[in-house]
């Protein structure tokens, strides 16, 4: 399968997908879409009816949702070693979708000031932000990576959420989080992706 295209914006989760593409080392074309209406253009809506990025097109296959993009690329380019063998993927899947589910929901609700009635935490799917962060901290304490003895797509996705959250103050800094982020952000593929995304940032008027 040939023809890999990333639809992205440097001020979006597209930065995660770009990092993933740099990790797998596959050639790709990038299409930068602005927030000025380009994402709602009929041509792009035909690719992703949600009108959001990141979206990738790989041949005739379209993948949306950032965690799905990471999982798809890890499976499509197995030589990069970003997904464990199928029989060993329990922790890999757990943490990849922990970030897409409980972590993102907990952080978003807290950031928006959502105030839930006492006793309703059980219906949220994650309990509380503190419980969610404690769970992740416990998994990282004493371990370099989440799902294996080496870096995987789950680390890339979780690490991106932690990095952004600590940068913007939506996730309180904890030693285990900071050490994990620093370890991941030192990777050559991350540094390449960040430089490419920074170069795509709009020029101030």
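The values are calculated or read from the model by the stated rules, or taken from the named source; none is laboratory data. Quantities reported herein were computed from a predicted structural model and do not represent experimental measurements. FYI the Cβ positions are ideal-geometry reconstructions off the backbone, even for glycines, and counts take in every protein chain you see.
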Fill in the blank from the handout: Within the stretch 148-192, the residues that are buried (at least 17 other Cβ atoms within 10 Å of the Cβ) and at pLDDT below 95 are 148
Exercise for the section: Specify the residue that is nearest to residue 151 (Cα to Cα); the eligible residues are those in the stretch 21-52 that are buried (at least 18 other Cβ atoms within 10 Å of the Cβ) and out of contact with any strand residue (DSSP E or B) (no Cβ under 9 Å at 6 or more places or on another chain). Expected result: 23
Handout entry: Cβ-Cβ under 6 Å pairs, at least 6 apart or on other chains, the stretch 80-95 side under 19 Å from residue 126 (Cβ atoms), far side surrounded by 17 or more Cβ atoms within 10 Å (Cβ to Cβ)
Key = 91/147; 95/146; 95/147; 95/154; 95/158
Fill in the blank from the handout: Listed by first then second residue, the pairs whose first member lies in the stretch 132-151 and is on the phi > 0 side of the Ramachandran plot and assigned by the TED database to the domain that holds residue 101, whose partner is surrounded by 13 or more Cβ atoms within 10 Å (Cβ to Cβ) and in a helix (DSSP H, G or I), with beta carbons under 9 Å and at least 6 positions apart or on separate chains, are 142/176
Exercise for the section: Among the numbered conditions (1) over 14 Å from residue 24 (Cα atoms); (2) part of a helix (DSSP H, G or I); (3) outside the structural domain of residue 155 (by the TED database), tell me where residue 52 comes up short. Expected result: (2)
Handout entry: Unique residue being within 23 Å of residue 12 (Cβ to Cβ) and either modelled with pLDDT of 95 or more or assigned to a loop (DSSP other than H, G, I, E, B) (or both) when the list is 195, 117
Key = 195
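Given the criteria exposed (fewer than 13 other Cβ atoms within 10 Å of the Cβ) and touching a helix residue (DSSP H, G or I) at 6+ places or on another chain (Cβ under 9 Å), does residue 88 qualify? Show your work before the answer.
Values: exposed (fewer than 13 other Cβ atoms within 10 Å of the Cβ): yes; touching a helix residue (DSSP H, G or I) at 6+ places or on another chain (Cβ under 9 Å): no.
The answer is no for residue 88.
Does residue 173 qualify as being free of Cβ contacts under 8 Å to residues at least 12 places away in the same chain, touching a helix residue (DSSP H, G or I) at 6+ places or on another chain (Cβ under 6 Å) and either over 21 Å from residue 67 (Cα atoms) or in the same structural domain as residue 13 (by the TED database) (or both)?
Numbers: free of Cβ contacts under 8 Å to residues at least 12 places away in the same chain: yes; touching a helix residue (DSSP H, G or I) at 6+ places or on another chain (Cβ under 6 Å): yes; either over 21 Å from residue 67 (Cα atoms) or in the same structural domain as residue 13 (by the TED database) (or both): yes.
It is true that residue 173 is free of Cβ contacts under 8 Å to residues at least 12 places away in the same chain, touching a helix residue (DSSP H, G or I) at 6+ places or on another chain (Cβ under 6 Å) and either over 21 Å from residue 67 (Cα atoms) or in the same structural domain as residue 13 (by the TED database) (or both).
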Practice task
For residues that are assigned to a strand (DSSP E or B) and more than 16 Å from the chain's Cα centre (by Cα), scanning just the stretch 56-93, find the one that is farthest from residue 17 (Cα to Cα).
Solution key: 61
Exercise for the section: Would you tally the residues in the stretch 134-147 being exposed (fewer than 14 other Cβ atoms within 10 Å of the Cβ) and farther than 24 Å from residue 105 by Cα? Expected result: 2
